[in-house]
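One structure below.
The values are calculated or read from the model by the stated rules, or taken from the named source; none is laboratory data. Being a predicted model, the structure only gives us computed values, none of them experimental. Counting neighbours? That spans all protein chains shown, and the Cβs are built from the backbone with ideal geometry, glycine included.
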Amino acid sequence: MGKERLRLGIVGLGMASQPHVLALAELTDRIEVVGGFSPSADRRAAFAGKTGFPVVASLQELLGDAGVEAILLLTPPTTHLELVSQCAAAGKHVLMEKPVEVTLERSIALVERMEQAGLRLGVVFQHRFRPVVRRLRSVLAEGAIGDLVAASAEIRWWRPPAYYAQPGRGMKARDGGGVLITQAIHSLDVFCTLVGAPVEVGCFAATSPMRRIDTEDIAAGMLRFANGAVGTIGATTAAYPGFPERIELSGTLGTATLEGNGLKLLYHDGREEILEGDGPTGGGADPMAFDHGPHKALIADFAAAVTEGRDPDTSGRSALAVHRLIDALLRSAAEHRLVTLA
């Protein structure tokens, strides 16, 4: 790019912007925020007053500015395909909040739109940048726990009535889906990043009597992997008061357990490695109660990817794995049958 800092525009100034703003405030040596945009003038004013970042009155001010290299997209998922298409047409790289889109088909179309334009697309799956996840990825790459035998992911979170009282929250028209695509997707993305997608799944999904929503807030799935390993997935936002998400991988040489910000490695030869972690991970009543460090690492990686002409760690193409998994789980629940993944 020939520039010292990536010039970035922000589109969407709601709750999701909070950890990004904290991260960007610590990345001023690498990234310049050119302007933030929301259709709401009140939201723009509040954002500018709180962050000190400039704002613009229209999306076209960002897309039409030849000096803006990338857009940080923090809008509801149902808007992603249209907005990313506009960014692609304007020649802007995009870093966007999860999910990619509300269906697998729209997600694939979005990723292909950016690839056809020759632009970089990153998705905010910041859990990949947790130190314990990075460590476990290295352990698995080395084959340290052997061949996979069993794998499980448990996301037992809590969201209070006030959370679902927000207009459209938990409804397909706004969120596109329930606990799988809105909350558990972060942990399921880590799961897919670690062990790959299964080849066959079955699932039950339901809406608890606590909520008046049209999406699932409870899901239970079973998995079969290509090598014969089996696994389970459990996800809910109805488990008061909310518990750390847990991923457990059992191999022929040992077992790895991720729980919240901690990692435990237990090997058959008696060796142990325990990495302690503390602090909330967003699984309780406050969905924003987590450290912004992984966001900072993800944004820094995206900026470097644009500068270096490579895909970011959380590329759009890599994000399709978790979308294929969620699509298969929901189809299994709806059709009451096992579903094979392509």
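Every condition in (1) under 15 Å from Gly242 (Cα atoms); (2) in contact with a Leu (Cβ under 8 Å, 6 or more places away or on another chain) holds for Ile145 except the one numbered (1). Among the candidates Gly262, Gly242, the residue that is buried (at least 21 other Cβ atoms within 10 Å of the Cβ), in the same structural domain as Glu142 (by TED's automatic domain parsing) and over 28 Å from Glu105 (Cα atoms) is uniquely Gly242. Taken together, the criteria exclude Glu82 from residues that are within 22 Å of the chain's Cα centre (by Cα), closer than 20 Å to Asp311 by Cα, without any contact (Cβ under 8 Å) to a residue 12 or more places away in the chain and not in a strand (DSSP E or B). One residue stands out among those in the range 98-122 that are farther than 16 Å from Leu325 by Cβ and of a type in the set (Asp, Glu): the one that is surrounded by the fewest Cβ atoms within 10 Å (Cβ to Cβ), which is Glu112.
Could you tell me whether Gly234 is closer than 16 Å to Trp158 by Cα and assigned to a strand (DSSP E or B)? Considered against the rule, which asks whether it is closer than 16 Å to Trp158 by Cα and assigned to a strand (DSSP E or B), Gly234 comes out as yes. Of the numbered criteria (1) in contact with a Phe, Trp or Tyr (Cβ under 7 Å, 6 or more places away or on another chain); (2) over 28 Å from Gly177 (Cα atoms); (3) surrounded by 20 or more Cβ atoms within 10 Å (Cβ to Cβ), the one Leu95 fails is (2).
Considering each residue of the range 60-69 in turn, at least one proves to be touching a Gly at 6+ places or on another chain (Cβ under 6 Å) and either modelled with pLDDT of 95 or more or not acidic (Asp, Glu) (or both). The strands (runs of 3 or more DSSP E) located wholly in the range 252-342 that include 2 or more residues which are modelled with pLDDT of 95 or more, within 20 Å of Gly196 (Cβ to Cβ) and out of contact with any Phe, Trp or Tyr (no Cβ under 9 Å at 6 or more places or on another chain) occupy 254-259, 262-267. The residues on offer are Ile218, Ile181, Ile145, and the sole one that is buried (at least 17 other Cβ atoms within 10 Å of the Cβ), modelled with pLDDT of 95 or more and out of contact with any strand residue (DSSP E or B) (no Cβ under 9 Å at 6 or more places or on another chain) is Ile181. Residues that are closer than 24 Å to Val149 by Cα, under 22 Å from the mean Cα position of the chain (by Cα), in contact (Cβ under 8 Å) with a residue 24 or more places away in the chain and surrounded by fewer than 18 Cβ atoms within 10 Å (Cβ to Cβ): does the range 303-322 have at least one? Checking the range 303-322: at least one residue is closer than 24 Å to Val149 by Cα, under 22 Å from the mean Cα position of the chain (by Cα), in contact (Cβ under 8 Å) with a residue 24 or more places away in the chain and surrounded by fewer than 18 Cβ atoms within 10 Å (Cβ to Cβ).
Whether a residue is without any contact (Cβ under 8 Å) to a residue 60 or more places away in the chain, surrounded by fewer than 14 Cβ atoms within 10 Å (Cβ to Cβ) and within 26 Å of Val100 (Cβ to Cβ) was assessed, and Glu272 does not pass this test.
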